[in-house]
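K.L.:
Quick one: the structure is below, questions incoming.
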Amino acid sequence: MNDIENRIKKAQSDSAELEQLLSDYLPLLKKQAGAAASPLLDYEDRLSLAMLTFVSCVRQYTENRGSFISFFSVCFHNRINDEIRRQNRYLKSIQPPGSDAAELEAAAGKASLEAYDREQERLSLCEEIDRLSEEIGVYGVVWKDLPRICPKQARAKATCRQLATAVLLNPEFHTMFFEQKKLPQAQLASALFISPKTIEKHRKYIVTLIILLSGDYPGIRAFLPQYREVIPIEDGNYH
């Protein structure tokens, strides 16, 4: 359990901690509210919705929901969409059917939703990249190096995928990687009969695969068809 999850757990039963958590994450909420531009909702309304959604998400959050920030972003996205639709329905109800004003308001509402969805997708992807960069950085991997370290041959990529899978499925390897922050290269070479030199050559790529496959990165995986499926740690084992 990471720091924010510990704080959320405490905030669920401690109102003072909840207020402090809300205060600490206010810059994020302002950023999200600013990105959710809509002619139907002014900034203050969007910020109020962001704060209400944040508090609601803290109260509802459990570890199996994945990253809290991703969970909040999805909930806020849905809340904004619901509010824009509600505003659209209200505007339609007060405009004569078929009037130019009604058609313009409907078009503005649709454009707002589409623009908001695009901006949220962009922000979510940027957030995923930031989180992945931070996670792989612990293992000495830099995001900008990924295009260079990616294997060129399909066979090498398949071998790296096999090694990443072994780490996720084997409890001993999994512990060494996630708790000791170390790729068990010698153990993998012995267990899978793969050259230690091959593992060392592709170490950074293997590390990135492990984190990408085990983490909450749907946006990044959408650009990598072969890595869209998350590998369940419980299914199987490597000896």
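K.L.:
Any idea which of (1) surrounded by 20 or more Cβ atoms within 10 Å (Cβ to Cβ); (2) outside any helix (DSSP H, G or I) is the one Ile194 doesn't satisfy?
P.N.:
(1)
K.L.:
Checking Met1 against (1) assigned to a helix (DSSP H, G or I); (2) modelled with pLDDT under 85, which single condition isn't satisfied?
P.N.:
Among (1) assigned to a helix (DSSP H, G or I); (2) modelled with pLDDT under 85, the lone unmet condition for Met1 is (1).
K.L.:
Please determine, by comparing only the residues of the range 2-15 that are in contact (Cβ under 8 Å) with a residue 24 or more places away in the chain and in contact with an Asp or Glu (Cβ under 7 Å, 6 or more places away or on another chain), which one is surrounded by the fewest Cβ atoms within 10 Å (Cβ to Cβ).
P.N.:
Glu5
K.L.:
With Glu172, Glu121 as the choices, which residue is touching a residue at least 24 places away in the same chain (Cβ under 8 Å) and in a helix (DSSP H, G or I)?
P.N.:
Of Glu172, Glu121, the one residue that is touching a residue at least 24 places away in the same chain (Cβ under 8 Å) and in a helix (DSSP H, G or I) is Glu121.
K.L.:
Next question, about the same structure. Can you go through Leu41, Leu18 and tell me which one is crowded, with 19+ Cβ neighbours inside 10 Å, at pLDDT 90 or above and of a type outside the set (Ser, Thr, Tyr)?
P.N.:
Only one candidate passes the filter, namely Leu18.
K.L.:
Which residue is surrounded by the most Cβ atoms within 10 Å (Cβ to Cβ), if the candidates are limited to the range 44-79 and must be assigned to a helix (DSSP H, G or I) and among the polar types (S, T, N, Q)?
P.N.:
Per the stated criteria, the residue is Thr53.
K.L.:
Let me ask something additional. Being within 28 Å of Ile129 (Cβ to Cβ), among the charged types (D, E, K, R) and either at pLDDT 85 or above or crowded, with 19+ Cβ neighbours inside 10 Å (or both): is that true of Lys30 here?
P.N.:
yes
The values are calculated or read from the model by the stated rules, or taken from the named source; none is laboratory data. Because the structure is a prediction, the values reported are computed rather than measured. Here Cβ is always computed from backbone atoms with ideal geometry, including for glycine, and neighbour counts include all displayed protein chains.
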